[in-house]
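Participant: First the structure, then my questions, so here it is.
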Amino acid sequence: MVISADDDTLIAAARTGDRRALDALLRRHYERIWTLCRRLAGNHADAEDATQEALIALARGIASFDGRAAFTTWSYRVATNACLDELRRRSRRPVPSATEEMVVVDRSPRPDDVGDRLDIDAALTRLPDDFRVVVVLRDLCDLEYAEIAEALEIPAGTVRSRIARGRTQLAELLGGNQTDPGERRSEVP
């Protein structure tokens with residue numbers, strides 16, 4: 001009964017302390033939150049940590065959710081912040097040396113869509129965080145510019161600019177250009 005309720009009903013019940021409603025709400029949105037974190041973090045382990053932190057933050061903050069934004073927009077903001085926090089923690093962790101970590105590369109043939117997805121994931125990890133976040137929220141989570149601006153608490157013009165720049169850098173990376181997207185190329189005519 002509770003699981004089939006719409007988000008607004010579940011939110012109202014969760015705000016009054018109904019754990020079943022909160023559980024149903026978080027389960028309903030789990031896959032989207034995990035997918036967002038996976039794309040932002042670039043690997044499963046950090047995505048799982050960020051997703052867990054986001055779910056905890058959502059559970060703790062549900063009582064203060066005021067409904068001015070859609071729950072999905074609010075949950076994306078919480079998940080994005082959790083993921084960015086995880087990326088900052090990751091940057092402070094020691095990096096294993098080549099002798100400590102063995103990487104196994106699967107050279108077996110794979111379907112094109114899986115290969116494309118892996119290529120996109122790899123290219124996304126090379127984008128600066130500011131660009132990766134807005135591109136993922138727009139192109140993979142299908143949020144509108146205004147929703148992204150609200151979720152990230154930045155102006156809509158900044159969202160548009162970052163998306164344009166992020167897409168340009170992503171296209172360069174996917175087009176076989178192996179230069180770092182942060183580097184400027186100088187071409188002589």
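Values in this text are rule-based calculations from the coordinates and carry no lab data. Quantities reported herein were computed from a predicted structural model and do not represent experimental measurements.
Participant: With an 8 Å Cα cut-off and a minimum separation of 6 or more residues, compute the relative contact order for region 1-92 in percent. Don't jump to the answer; show the numbers that get you there.
Facilitator: Details: 88 pairs, mean separation 27.4, N = 92.
Relative CO of region 1-92 lands at 30 percent.
Participant: Something else now. What Kirkwood Rh does region 127-174 have if only Cα atoms enter the pairwise 1/r average? Answer in Å. Each step should come with its number before you reach the end.
Facilitator: On the way: mean 1/r = 0.0966 Å⁻¹.
After inverting the mean inverse Cα-Cα distance, the result is 10.4 Å.
Participant: Then there is this: Per the Kirkwood formula on distinct C-alpha pairs, the Rh of region 1-58 is how many angstrom? Don't skip to the end; give the middle numbers.
Facilitator: Details: mean 1/r = 0.0839 Å⁻¹.
Hydrodynamic radius (Kirkwood, Cα only) of region 1-58 equals 11.9 Å.
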